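Trainee: Got a structure here, written out as structure tokens. Questions coming.
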Amino acid sequence: MNFEMRPYKPEEFERACQVRGLETSEAQQRFKARFDSSGTWLDHYLHFALLRDGKLIGDIQLRHCDKTMPDGSGHIGLDIAEDERGKGAGTAALNLAWEWAVANSFHRLEGSTSEENVAMQKAFEKAGWEYEGRLKKLFMHDGVAEDYLSFAKTI
């Protein structure tokens, strides 16, 4: 399998929305500006397409807020198409994002996943990210506060 990370192409908007699970026109419109600026920073977001063998299968989000994060430090988010999960895409995305980060003077990337998402935890481990701890009650899902597990890769 050949994985690649690159800016989105204009004709990929509908597929990108599918990958990210953006079903409402409101959610799609919120994403549109970030999609259109893919490969360049917009506010504190940077989006890339993740491809496997030329097929768009994921969205990689890098975040750096200069008001809350030191220079050279960033946060990663991933969305992988449901039918592509469990095939190495998460690990590949983490590795590709780290390569980009180092090439762009970052010394640290961090990310987190729900404690139920064992596949993503394994992806972090396979990509050489270190477990840093538990983020207590980070997100609310259906009225229930969920803990997330934090991972990071550093130079």
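Each value in this text was obtained by applying a stated rule to the coordinates, not by laboratory testing. What you are looking at is a predicted structure, and each value in this text was computed from that prediction instead of being measured. Neighbour counts run over all protein chains shown; Cβ positions are idealised from the backbone, glycine included.
Trainee: From the Cα gyration tensor of the stretch 32-155, with a ≥ b ≥ c the square roots of its eigenvalues, which class applies: rounded if a/c is under 1.5, or else prolate if a/b is larger than b/c, or else oblate?
Mentor: Rounded is the answer for the stretch 32-155, as its axis ratio a/c remains below 1.5.
Trainee: Would you mind working out the magnitude of the charge dipole of the stretch 3-110 relative to its Cα centre, with +1 at each Lys and Arg C-beta and -1 at each Asp and Glu C-beta, to the nearest 20 Debye?
Mentor: Using Cβ point charges on Lys, Arg, Asp and Glu, the stretch 3-110 gives about 120 debye.
Trainee: Could you name the lysines whose alpha carbon sits less than 29 Å from that of Lys67, not counting residues in the same chain fewer than 8 places away?
Mentor: Lys32, Lys136, Lys137, Lys153
Trainee: Rounded to the nearest Å, what's the spacing between the alpha carbon centres of the stretch 11-86 and the stretch 99-129? Just the number, please.
Mentor: Cα centroid of the stretch 11-86 versus Cα centroid of the stretch 99-129: 15 Å apart.
Trainee: I need His44, His141 ordered by Cβ neighbour count within 10 Å, fewest first.
Mentor: By the 10 Å Cβ count, ascending, the order reads His141, His44.
Trainee: If you don't mind, there's one more thing I want to ask. Can you put Val118, Val19 in order, fewest other beta carbons within 10 Å first?
Mentor: In order of increasing Cβ crowding within 10 Å: Val118, Val19.
Trainee: Another question, if that's okay. GluC sites (Glu not before Pro) within the stretch 11-75: which are DSSP loop residues with at most 16 other Cβ atoms inside 10 Å?
Mentor: Listed in order of number, the matching sites are Glu23.
Trainee: Ignoring everything except DSSP H segments at least 4 long, calculate the 222 nm mean residue ellipticity for the chain; use -39,500 (n - 2.57) per segment, divide by total residues, nearest 500.
Mentor: -8500 deg cm²/dmol
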